[in-house]
Structures are given as structure tokens and as C-alpha cells.
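Engineer: What follows is a single structure, and I will ask about it in a moment.
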Amino acid sequence: MPRLLVINSSGRNTRSITRRLTGQFAEHWLAAHPKGELIERDVTLQRPTPVDEAWIASAFAPPEARSQAMQAALSESEALLAEIEAADALVFGVPMYNFGLPAQLKAYFDQIIRVNRSFTFDPEAAEPYQPLLADKPTTVIVSVGDGDLLPGGPMAELNFLEPHLTTMLGFIGLRSLEFVRVGYEEFQDGRLKRALESAEQAVARRVVAL
Ligand SMILES: Cc1cc2nc3c(=O)[nH]c(=O)nc-3n(C[C@H](O)[C@H](O)[C@H](O)COP(=O)(O)O)c2cc1C
């Protein structure tokens, strides 16, 4: 049974553009996969725990040397990684907050980017970092208040969100990546309407191409 993992991160539960578009993505995907299953991960409603001393000590200990308490410190990370591994495709909804990603989504990435679990590090190797997750189609739906921050726009150099997401996802192996973007959420004029229409079409096209 095909599975789609839907990850939302907007702090808004109503009026959210990214939630609306991940919802449309899921509807199109279910129409294309009537026997498919949605896995929903909402990092605002169920906030990932920021990593701490116990998590770090456990993550860097060899698996065979981990006590039960150490294993417990990684149980959330394991569960989040298992969700990704069980999915055939992923869709993220990501608002831009202060030129980057929401803190709750950063906590999610800190949980899933883990040495010898989602990537390897060998300082002697020609390529010291290798991803460990299987690649799968990953769609990132981004909404920003000011569309001038989007790629090609006059303020694009201030967009730290997309390079950061691309780097983190690619680092663990998720490289078949496509962004769907909505600009001008804070400009309640024709530009927002046009951006939304174009994003809705991009979402429908992406699902067909999966
Ligand atoms: C805390 C916060 C920080 C924001 N920072 C930015 C920003 O740096 N640049 C920008 O263009 N828009 C910014 N915005 C606007 C959001 O990116 C925009 O409202 C987006 O549509 C939010 O996604 P959502 O509609 O899914 O909630 C910010 C909004 C909030 C709430």
C-alpha cells in the first residue's frame, strides 16, 4: 500500500497557506492512489523535543553500548525516522519565519539527522558524509510574506529557508526534491491570488508526476 507522509509546520492552524496546499496535495494523491495511506506529522501540534545532553550522548554512542535509558532518549528520533522510511513520498508545508524555518521544524530535523542512522561520517573517506536514507520524491511547499524573497526575486539572497532545507534533506538522502512556492501572503492584493493559483496548479502537476 503506497504511503504519503504529510509534514506540516505552520504555527497557524486556520488561515495557513501551507496547510491548505499540503491538504490539496494529499487530496490529489489519494485520488491517484485510492488504496493509499496518509501519515500525518504535525510538528506544531506535536512538537519534536529539542535535542539535549542525553540525546547527544546516546546518538554518538555505539548502538551496542547504549543502555535502556540511552535507547529511550532516541525513541522519538527512531519513530520519526521510521515514518519517513515507511513512506513512498513526502510533502512538507513550510512557512518562512524570520528568513528561515520555524523552530519546531528545526527541532524535527535535529531529531532525524543522526550519525550512523541517517548519515555516516568517515573523516578518512574522499566523501566524508554519506546519506543512509533511500531517496524518495519530496515536495516542499513554502509560503512567504514577501514574494521578493523567492528565488529570482530582488531579496532572494535573504532566503535562508530553501538552501537550508535542500541541504538538510539531501544530507540524509532525500534528493528528489521539488519546491512549490507562494509569495506575497502579506500583500493582500492580486499578487497573492495569482501566486496561490499558480501554486495550486503546481501541486496538481507534481502529484501527477510522482
Ligand atoms: C513569526 C513569523 C515570522 C515571519 N517571517 C517572515 C519573513 O522573514 N519573511 C517573509 O516574507 N514572511 C515572513 N512571515 C510571513 C509568513 O511567511 C507568511 O505569513 C506565510 O504565509 C506563513 O505560512 P502559513 O500561511 O502556512 O502560516 C513570518 C510570519 C510569522 C508568523
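Engineer: With a Förster radius of 41 Å, plug the Cβ-Cβ distance of L45 and A209 into 1/(1 + (r/R0)^6) and report the FRET value to the nearest 0.05.
Structural biologist: On the way: r = 30 Å, r/R0 = 0.73.
With a Förster radius of 41 Å, E is 0.85.
Engineer: What do you get for trypsin sites (Lys or Arg not before Pro) in the stretch 2-109 restricted to DSSP loop and a cutoff of at most 16 other Cβ within 10 Å of the site's Cβ?
Structural biologist: Working: sites: R3, R12, R15, R19, R20, K35, R41, R66, K106; in loops: R12, R15, K35, R66.
Listed in order of number, the matching sites are R12, R15, K35, R66.
Engineer: Around L174, under 9 Å between beta carbons, what's the net of Lys plus Arg minus Asp minus Glu among the other residues? Present the calculation step by step, with values, prior to reporting the outcome.
Structural biologist: Values: positive: K136, R175; negative: D135.
Local net charge: +1.
Engineer: Could you report the stretch 3-209's accessible area per residue, 1.4 Å probe, as an integer in Å²? Spell out each step's value before the answer.
Structural biologist: Working: 10400 Å² over 207 residues.
Computed with neighbouring chains in place, this is 50 Å² per residue.
Engineer: Also: Between Q71 and A32, with labels modelled 7 Å along Cα→Cβ, what's the label distance in nm to one decimal, could you check?
Structural biologist: Placing both labels 7 Å along Cα→Cβ, they lie 3.9 nm apart.
Engineer: Now a separate question. Report the full-extension gain for the segment Y129 to A82: residue separation times 0.36 nm, less the Cα-Cα distance, to one decimal in nm.
Structural biologist: Numbers: separation 47, 0.36 × 47 = 16.92 nm, distance 2.12 nm.
Separation in residues times 0.36 nm, less the Cα-Cα distance, equals 14.8 nm.
Engineer: Restricting to DSSP H runs of at least four residues, report the calculated mean residue ellipticity at 222 nm for the chain, -39500 (n - 2.57) per run over all residues, nearest 500 deg cm²/dmol.
Structural biologist: On the way: 7 runs with 83 residues, N = 210.
Calculated from helices alone, the mean residue ellipticity at 222 nm is -12000 deg cm²/dmol.
Engineer: If I stretch the segment between M1 and F160 completely, what's the gain in nm (0.36 nm per residue apart, minus their alpha carbon distance), one decimal? Numbers along the way, then the final one.
Structural biologist: Numbers: separation 159, 0.36 × 159 = 57.24 nm, distance 3.61 nm.
Full extension from M1 to F160 adds 53.6 nm.
Engineer: Can you give me the relative contact order of the chain as a percent, contacts being Cα pairs under 8 Å and 6 or more apart? Don't jump to the answer; show the numbers that get you there.
Structural biologist: On the way: 350 pairs, mean separation 47.1, N = 210.
Value for the chain: 22 percent.
Engineer: Relative to 2.2 N^0.38 Å, what does the C-alpha radius of gyration of the chain come to as a ratio? Two decimals please. Display every interim value, and only then the final one.
Structural biologist: Details: Rg = 17.9 Å, N = 210, 2.2 N^0.38 = 16.8 Å.
Ratio of Cα Rg to 2.2 N^0.38 Å: 1.07.
Engineer: Just want to confirm a number: the relative contact order over the stretch 91-210, from Cα pairs under 8 angstrom separated by 6+ residues, in percent. Spell out each step's value before the answer.
Structural biologist: On the way: 175 pairs, mean separation 32.4, N = 120.
After rounding, I find 27 percent.
The values are calculated or read from the model by the stated rules, or taken from the named source; none is laboratory data. Because the structure is predicted, anything quoted here is derived from the model rather than measured. Cβ sites come from the backbone with ideal geometry, for glycine too, and all protein chains shown count toward neighbours. What goes into the accessible areas is simple: the full protein's heavy atoms, side chains included, and nothing from ligands, DNA or RNA. Shrake-Rupley method; radii C 1.70, N 1.55, O 1.52, S 1.80 Å.
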